[in-house]
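What follows is a set of notes on a single structure, which appears directly below.
Quick note: the coordinates plus some simple rules give every number you see, no bench work behind them. All figures in this text were calculated on a predicted structure; none of them were measured in a lab. Virtual Cβ from ideal backbone geometry, glycine too; neighbours counted across all protein chains shown.
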Amino acid sequence: MEEMRKDEAIEEQDARPEQEETAAEVLDDAEVLEPVEEEADKIAALEQQAADNLDKYQRCLAEFDNFRKRTEKEKSAMFETGAKSVIEKILPIVDNFERGLAMVPQEKREDPFVSGMDHIYRQLLTELENLGVKPIEAVGKEFDPGFHNAVMQVESQEYESGTVAQELLKGYTYRESVVRHSMVAVVQ
């Protein structure tokens, strides 16, 4: 028995250093875990900062894209407004050509001056059409306040009520928008 006690005492002494070593190891692990946790916190903070920076970058890209689209629209609208303004100033010249050529007697239509004026008139109409300017169809069409401006009412056997019977001044559109309404006489 005594030997057993000695053996147990020896085993206890042998076990104590292991327990002490294990406690030291645990202490070392705790010391190691603190810096790891600190590093993990730093990584999490950096990841959050990276996500914030990415969000800011994407927002800036979106804002710039919206700015680019808006300025393109504004530039296009300014061009359209400028083009309409120029067309509005050219249309009275076209009207004067039409009136002047309509007043030429039939026997003088072959005159070189009249022929030249007719050629210039047709060239002007061709260029306006190439730019997207088109005359509004009026006579025989149903009155449409979007395209026609009724200046008088007439009686007619040929057309039904609400139909344009006569065009007093030709109207024009530019790229599907009205530049000048047709001045018309509408059947009562």
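Computed quantities for the displayed model
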{"item": "Net charge over other residues, Cβ less than 13 angstrom from the Cβ of Phe147 (K, R count +1; D, E count -1)", "result": "-1"}
{"item": "The stretch 30-114 - Kirkwood radius from inverse mean 1/r over Cα pairs (Å)", "result": "20.2"}
{"item": "Calculated FRET value between Lys42 and Lys75, using beta carbons and R₀ = 45 Å, to 0.05", "result": "0.40"}
{"item": "Cross-link table Lys108/Lys134; Lys108/Lys170; Lys89/Lys134; Lys89/Lys170; Lys141/Lys170; Lys75/Lys134, entries beyond 20 Å C-alpha to C-alpha", "result": "Lys108/Lys134; Lys108/Lys170; Lys75/Lys134"}
{"item": "Positive-end residue of Leu91, Ala185, Leu169, charge dipole of the stretch 65-188 with Cβ unit charges", "result": "Leu91"}
{"item": "Gain upon complete extension [Gln49, Ser161; 0.36 nm per residue less C-alpha separation]", "result": "32.9 nm"}
{"item": "Projected label distance in nm at Ala150 and Thr126, using a 7 Å step from Cα toward the beta-carbon", "result": "3.9"}
{"item": "Mean-position separation - Cα centroids, the stretch 87-102 and the stretch 153-178, in angstrom", "result": "19"}
{"item": "For Lys134, net neighbour charge (Lys/Arg +1, Asp/Glu -1) across residues whose Cβ lies under 10 Å away", "result": "-2"}
{"item": "Cα-based shape type of the stretch 62-188, given that a ≥ b ≥ c are square roots of the gyration tensor eigenvalues and the cut on a/c is 1.5", "result": "oblate"}
{"item": "Size of charge dipole - the stretch 52-185 - debye, nearest 20, with Cβ of Lys, Arg +1 and Asp, Glu -1, no other charges", "result": "620"}
{"item": "Ranked list, fewest to most other Cβ atoms within 10 Å of each Cβ, for His181, His148", "result": "His181, His148"}
{"item": "Net charge of neighbours whose Cβ lies under 13 Å from the Cβ of Gln49, counting Lys and Arg as +1 and Asp and Glu as -1", "result": "-2"}
